[in-house]
Structures are given as structure tokens and as C-alpha cells.
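First the structure, in the form of C-alpha cells, and then the observations on it.
The values are calculated or read from the model by the stated rules, or taken from the named source; none is laboratory data. Keep in mind it's a predicted model, so treat the numbers as computed, not measured. Note that we place each Cβ from the backbone using ideal geometry, even for glycine, and neighbour counts take in every protein chain shown. These accessible areas exclude ligands, DNA and RNA; they are computed on the full protein's heavy atoms, side chains included. Shrake-Rupley method; radii C 1.70, N 1.55, O 1.52, S 1.80 Å.
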Amino acid sequence: MKLEHKTAIVTGGAAGFGQGIARRLAAAGARVVVADRDEAASVAVAAAIEEHGGSAAPFQVDVSRAAEVAAMVDFALERFGGLDILVNNAGLGQRPSRLEETTDEVFDALFEVNMRGVHLGCRYALPVFRRQGSGVIINTASGIALTPRPNLVAYGASKGWVVTYTKGLAMELAAEGIRVNALCPAAGDTAMLAEFMGGDSSAEGRDRFSASIPMGRLVSPDDMGAAALFLAGEDAAMITGTCLAVDGGRCI
């Protein structure tokens, strides 16, 4: 119960990596706000956590909207009496396309969620963390931020921004006892994988992605949950500004 008496917000917490993170933090004793734009899914995940003895509450949020993110932080304070951990995990993928074929709509959506969503989460959590002189922020970036790939330029750039933002904010907040780190996963065993495969959800497509990872398998939600749990806890008390590759060796 390493996170007992701690409160965490996990955005994009109703599916994929976010669900794995929410479940793992709750299993370690944290009270978790499962924040997601899919209200029904966030309700279901929070209920499942509680059925397994954890403490969780759902919250519907569009992380690109400042008022909704502010309300999310207020909800955590009202429901659980505090906020100690913020996991900015909500994100959008991109179907592979040449740069000139990447539409303004795709670019704008990536900017709004992958970049603005992270910024707004930090912006509204920071006053709470500064008042108490402590706090942990974990941002979900991507392995593509470490080793860029063709035909995913816009997505890769949005995640590269997360890495730079994480490192800069870590330096800004280190003296105040607030830690900021990022997770950089490879392709995951989640619903978003089909997007990166151009809409293909076949077993053959999954096998191709698995083969590109030296350890021979996709990243699981539980892999991400375990990494987030480490960064959130006191075992990582001297770690800030780190962008941890959770990728089975793909970025080596």
C-alpha cells in the first residue's frame, strides 16, 4: 500500500494505458479519479476498482477545455480531500500519413489533446501542489518522441513536446518538492493500436508491431501501470525530469 492516503487523477483513465495506471495506483492504496471523456467507461472502471477493494470515482472531462480540467481538480479535492498525483495520460493517436496528407483537423486535434491537455492538467494542479509543498506529475509521452518515425510526424512532434515540457517543468519545480516525469511507451496492446496500423486490427498487423519490439511483445496497460506506480511513489523520490522508456528495448 505504497500510496495509501494519496489521491491521484488519471486522465484517459477509462481505457488502455490509463486504465492500467488507474488500477495499479488504486491497488497500491491511492484514491483515484478516473477522468475520461467517455463517461460510461469511466464509471465502469471506477466501479471495478471499488469492487476489488480500491477507492475510485469517475469524472467526465475533455482535457482540451480549461474549465473542465479546473473542475476535475476541484472534484478531486472535494471528493477525496486532496491531490497528490496527476497522471496526464489522455492522448490521441494518428493514422500513418505523409506530411502533406496530414489534415489541419488531425494536426489541431493532436495539439488540443496531446499538448494542451497536458499543459492544462499541470496548470490547474500546480496551485494545489505548491500550497502543500509536494506533488507528482507523470505525463504520457511516447517512444516516438525519443526515436522519430516517418509518416507520424505530427503525432511524434506532439509527444516530443511532452518530453521537452516535462523536463523544463521538472527544473522549474524541483526546488519546491514537486516531481515531474514522463513515460515513453512503444506500441501498446490497446484499442489505439489499430489507429497506428491505419485501421487494421488483424492478428498479422499486431504481429508486425510485436516483432519490431526487441522483447517480442506489445506494451501492456499493466506495464505502464507498474512504471507509473514506481514514479509516483517514494522509491522515486530523487527522480525528476526523467522520460522513462517502457518499450521492451525498441528505442535503444
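Annotation note: Cβ proximity below 8 Å between a residue of segment 224-246 that is among the aliphatic types (A, V, I, L, M) and a residue that is open to solvent by 40 Å² or more (accessible area, probe 1.4 Å) and not in a helix (DSSP H, G or I) (sequence gap 6+ or interchain) occurs for ALA227/LEU244; LEU229/LYS2; LEU231/ILE239; LEU231/THR242; LEU231/LEU244; ALA232/LYS6; ALA245/LEU146. Scanning segment 46-70 for residues that are surrounded by fewer than 24 Cβ atoms within 10 Å (Cβ to Cβ), of a type in the set (A, V, I, L, M, F, W, C), over 16 Å from THR7 (Cβ atoms) and out of contact with any Phe, Trp or Tyr (no Cβ under 7 Å at 6 or more places or on another chain) yields a total of 4. Scanning segment 126-141 for residues that are at positive phi and either crowded, with 17+ Cβ neighbours inside 10 Å or of a type in the set (Ser, Thr, Tyr) (or both) returns a single hit, GLY135.
If you go through segment 164-179 and pick out every residue that is closer than 17 Å to ALA90 by Cβ and either open to solvent by 30 Å² or more (accessible area, probe 1.4 Å) or hydrophobic (A, V, I, L, M, F, W, C) (or both), you end up with 1.
Suppose we keep only residues that are of a type outside the set (A, V, I, L, M) and touching a strand residue (DSSP E or B) at 6+ places or on another chain (Cβ under 6 Å) within segment 71-90. Which one would you say is surrounded by the fewest Cβ atoms within 10 Å (Cβ to Cβ)?
GLY82
Residues that are closer than 27 Å to LYS6 by Cβ and of a type in the set (Asp, Glu) number at least 1 in the following helices (runs of 4 or more DSSP H) confined to segment 140-252: 153-173, 221-232. The set of residues in segment 25-44 that are part of a helix (DSSP H, G or I), surrounded by 24 or more Cβ atoms within 10 Å (Cβ to Cβ), aliphatic (A, V, I, L, M) and without any contact (Cβ under 8 Å) to a residue 40 or more places away in the chain contains only ALA26. The set of residues from segment 222-242 being in contact with a strand residue (DSSP E or B) (Cβ under 7 Å, 6 or more places away or on another chain), within 15 Å of ARG179 (Cα to Cα) and open to solvent by 30 Å² or more (accessible area, probe 1.4 Å) comprises ILE239, THR240, THR242.
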